[in-house]
Amino acid sequence: MRNISYLIRRAKFLDSRLIVALDLYTDTVDSKSLLIDRLDKLLEKLTNYVAAIKIGLPTILCLGIDELHELLHKYRDYYFIADMKISDVGHIDRILCRYADRMGFDAVISHAIIGLKNGLEVVVDEVHSKGGSVFTVCAMSHPGAEEILNTNFSKMLDVSLKAGVDGFILPATQPKYIQMAREKIGREKIVISPGVVHQGAEVGIAIEYGADFEIIGRGVYLADDPVKAAQTYASKLRWSI
């Protein structure tokens with residue numbers, strides 16, 4: 001695992017605040033090799049425009065630990081984020097973090113709603129011991145998030161800071177949460193924002209409100225020309241802007 005400073009160095013070198021989410025999956029075992037080949041080609045071609053790659057549970061479950069380990073280690077220039085939405089009791093959280101490290105990820109995403117004691121404190125301890133970083137989800141973009149999760153936004157920011165996390169996942173579709181977070185935490189922590197393009201947020205809006213990176217998934221990997229799409233988005237999300 002590598003800490004957040006590697007991500008910043010890579011982003012500045014590429015002059016790109018673009019993170020691509022790869023949530024590709026297959027419903028059949030026979031198609032697994034085709035999925036690996038598709039991911040391999042995407043990672044090879046996007047490297048000049050993308051600072052980090054976020055991989056979610058659908059892809060992790062489809063590929064498996066060993067296959068993903070091989071793929072991630074082949075493209076070590078990227079900063080890899082495991083979007084496992086860790087949200088269990090401490091001993092399970094620790095196991096998940098160890099698997100993330102084993103697969104070759106540099107960072108994990110955890111829900112902040114699990115709290116500090118035997119929750120976030122375990123996630124941060126395990127990941128930091130490996131040299132990696134932890135991002136916490138403190139707000140989400142789907143309508144149901146406003147019913148429970150987002151109503152505890154301030155408490156989740158507080159517990160995340162107490163745990164010593166490295167950054168936050170805050171929705172570009174609701175930039176008020178990015179703004180509120182910046183007012184509370186200043187510029188000391190990294191903010192990464194999903195929800196761009198296919199979920200409705202315009203490219204650049206999260207950066208405008210204080211995010212450091214924007215996450216685009218389907219807008220890249222479902223594009224007719226993923227490389228051109230990534231290049232276009234990266235040009236709007238330059239680090240120097």
*Please report how far the C-alpha centroid of the stretch 192-211 lies from that of the stretch 51-112, rounded to the nearest whole angstrom.*
23 Å
*Ascending count of other beta-carbon atoms within 10 Å, so fewest first, for 212, 125*: 125, 212
*From the backbone phi of the stretch 123-130, what are the Karplus-calculated ³J(HN,Hα) couplings (6.51 cos²θ - 1.76 cosθ + 1.60, θ = phi - 60°) in whole Hz, Gly and Pro given as x?*
4, 5, 4, 5, 5, 5, 5, 8
*Sorted from fewest to most neighbouring beta carbons within 10 Å, what does the list 154, 87 look like?*
154, 87
*Of the listed pairs 12/189; 41/236; 85/184, which have alpha-carbon separations greater than 27 Å here?*
none
*Based on the Cβ-Cβ distance of residue 155 and residue 9, what FRET efficiency does E = 1/(1 + (r/R0)^6) give at R0 = 30 Å, to the nearest 0.05?*
0.35
_For the stretch 213-221, Karplus couplings with θ = phi - 60° (6.51, -1.76, 1.60), whole Hz, Gly/Pro x_ = 9, 10, 9, 10, x, 4, x, 9, 6
*Within the chain, helix-based [θ] at 222 nm, where runs of 4 or more DSSP H residues each add -39,500 (n - 2.57), nearest 500*: -12500 deg cm²/dmol
_For the chain: relative contact order, % (alpha-carbon pairs under 8 angstrom, 6 or more apart)_ = 22 percent
*Relative exposure of 180, 156, judged by other C-beta atoms within 10 Å (fewest first)*: 180, 156
*Scan the stretch 162-202 for trypsin sites (Lys or Arg not before Pro) in coil per DSSP, keeping those whose Cβ has at most 14 other Cβ atoms within 10 Å, and list them by number.*
187
_Could you check the spin-label model distance between residue 142 and residue 225? Points 7 Å from the Cα along Cα→Cβ, value in nm._
3.4 nm
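Every number in this text was worked out from the coordinates using simple rules, so none of it is lab data. Worth saying up front: this structure is predicted, and the values here are computed from it rather than measured. When we count neighbours, we look across all protein chains shown, and the Cβ atoms used for this are built from the backbone with ideal geometry, even at glycine.
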